[in-house]
Amino acid sequence: MAALILFGGGGDLAMRMLLPSLYFLEHDGLLPEGLKIIGAARSEESADDYIAKVHEAVKARAEADKVWNEASWSRMKARLDYLAVDATSPESLKPLKDKVGDGEVTSFLAVSPSLYARIVTAMKAAGLAEKNCRIVLEKPVGRDLKSFLEIDDAVAHAFSENQVFRIDHYLGKETVQNLIALRFGNTIFEPLWNNLSIDHVQITIGETVGVGDRWPYYDEYGALRDMLQNHMLQLLCLVAMEPPSDLDPDSVRNEKVKVLRSLRPVTVDEVERVTVRGQYVAGVSEGKPAKGYDEERGQPSDTETFVAVRADIDNWRWAGVPFFMRTGKRLPEKRTEIVIQFKPVPHSIFDRDDRGEVQANRMIIELQPEEDISLTVMNKRPGLDQRMQLQPIKMSLSWGVPNSGDGKSAAPPRRRIAYERLLLDAMAGDSTLFVRRDEAEQAWKWVDEVSEAWAESGLKPDDYVAGTWGPDSADMLMARTGRDWNTTD
Ligand code: BG6
């Protein structure tokens, strides 16, 4: 019998993401046969009470996605169980070990990372770290390189690297994987994917939500550690990496590590030119008044809720191509996109547009709110203009719209939760879409340099009004180089 143990099985991540993901997999018949799903948490409650809570959470989500089905739920319910445990105590974990027996066990730590080291040590003592066991670690693992290594050393003491699955849920998103398909399943883009044709790359992860009740966690991490160290650098790696020789975990991750190693360190002399910190003050978000971060927190803080960085990758392919990244809370849109801005034609025979510019090709890889990859190409504006006029046309390159592919309209598949793919892969032992130790290490190293440069230079967050695209300094970061952020209007 195979088992999936959800430590923190009654918590927010489990109820909002993991259990609904498992329901959807169940619904599609994708869960391994005989798999048991065991919630494990501190709360002394019966399995029936736990299952009732799971039912409520899963049903709400599945109904919203219009895939609620009693038969699927009955099958999932038959797999579910619960055990109250103190996961840091080997004694307390013994009954859990007895429950799962000697089959394959995947344990997901959806608990505070400050407990990771103690939990894995207890798991080893309780026989839950045997060769047929795997461990899935939710981010953030550590808050800097030093604390990452401390936790990861404890993990390495209990599990070997091929048993460890460090989650970055962005890698489970369909369009992120489609980026790999686009780059390495086609010949037409690769010759252009370098500094001869690309002017710059922009990565934006905008969120409308504020920090709210999460501030005790957030205040310690800030946007740099919460989003840039992981999600944004992972996206950057997938855009920038060399073609791997295979899709196996090591080939892909070797290439990503090379990118991270090539990131130019941010020095204290450069930090004000290449980075921006921001913090939202009261404003209007999605039509409603929104508090400032300091008010949510109850007192002033220097934590950034917005970060923008210009990253340079010092290698042959990307020399001279800046990668601009920005992310923040309380921005005007929930929007995640990667923009590949190509260079303009070397000599234009056409008139400039209303802004006095010759437009260049632009590829937009949109992850949220829609999942789509599009390419802007120049067309002749139809009509009898004396001088030929150009207009940009957006071509969609992905499944999200009718008439892509074979020309037939087809309803796009349901948008999956990123954890669906990742849970399946972890249970199957495929770590291609997970973060290897040396990757996390390099990402922390670079991020530590940024935060040390901030501390040394005394760079504090600039205010921005909730509901706007960050502080003016973020626009200046681009404007100084003669560029601007992509806008949707
Ligand atoms: C998490 C961060 O990793 O990602 C959150 O801790 C953030 O602060 C979330 O809101 C964003 O994920 P998504 O998939 O909604 O873009």
Residue check for residue 296: open to solvent by 20 Å² or more (accessible area, probe 1.4 Å) and under 26 Å from the mean Cα position of the chain (by Cα):
yes
Could you say whether any residue in segment 65-79 is surrounded by 13 or more Cβ atoms within 10 Å (Cβ to Cβ), in a strand (DSSP E or B), within 30 Å of the chain's Cα centre (by Cα) and touching a residue at least 24 places away in the same chain (Cβ under 8 Å)?
no
Checking residue 195 against (1) within 16 Å of the ligand (Cβ to nearest atom); (2) assigned to a loop (DSSP other than H, G, I, E, B); (3) surrounded by 15 or more Cβ atoms within 10 Å (Cβ to Cβ), only one condition comes out false. Which one?
(1)
Among the residues of segment 316-325, which ones are open to solvent by 10 Å² or more (accessible area, probe 1.4 Å) and either out of contact with any Asp or Glu (no Cβ under 9 Å at 6 or more places or on another chain) or β-branched (Val, Ile, Thr) (or both)?
316
Exception for residue 25 within (1) touching a Leu at 6+ places or on another chain (Cβ under 9 Å); (2) at pLDDT below 95 falls at (2)
Tally the residues that are away from the ligand (no atom under 12 Å from the Cβ), part of a helix (DSSP H, G or I) and surrounded by 20 or more Cβ atoms within 10 Å (Cβ to Cβ), restricting the search to segment 166-178.
1
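Per-residue answers, yes or no, for (1) under 20 Å from the mean Cα position of the chain (by Cα); (2) over 30 Å from residue 282 (Cβ atoms); (3) within 16 Å of the ligand (Cβ to nearest atom):
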site	(1), (2), (3)
121	no, yes, no
124	no, yes, no
131	no, yes, no
141	yes, yes, yes
144	yes, yes, no
185	no, yes, no
200	no, yes, no
206	yes, no, yes
220	yes, no, yes
Members of segment 333-361 that are away from the ligand (no atom under 16 Å from the Cβ), basic (Lys, Arg) and either open to solvent by less than 50 Å² (accessible area, probe 1.4 Å) or free of Cβ contacts under 8 Å to residues at least 40 places away in the same chain (or both)
352, 355
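The values are calculated or read from the model by the stated rules, or taken from the named source; none is laboratory data. Because the structure is a prediction, the values reported are computed rather than measured. Cβ: placed from backbone, ideal geometry, glycine included. Neighbour counts: every protein chain shown. Side chains included, ligands, DNA and RNA excluded: accessible areas come from the protein's heavy atoms. Shrake-Rupley method; radii C 1.70, N 1.55, O 1.52, S 1.80 Å.
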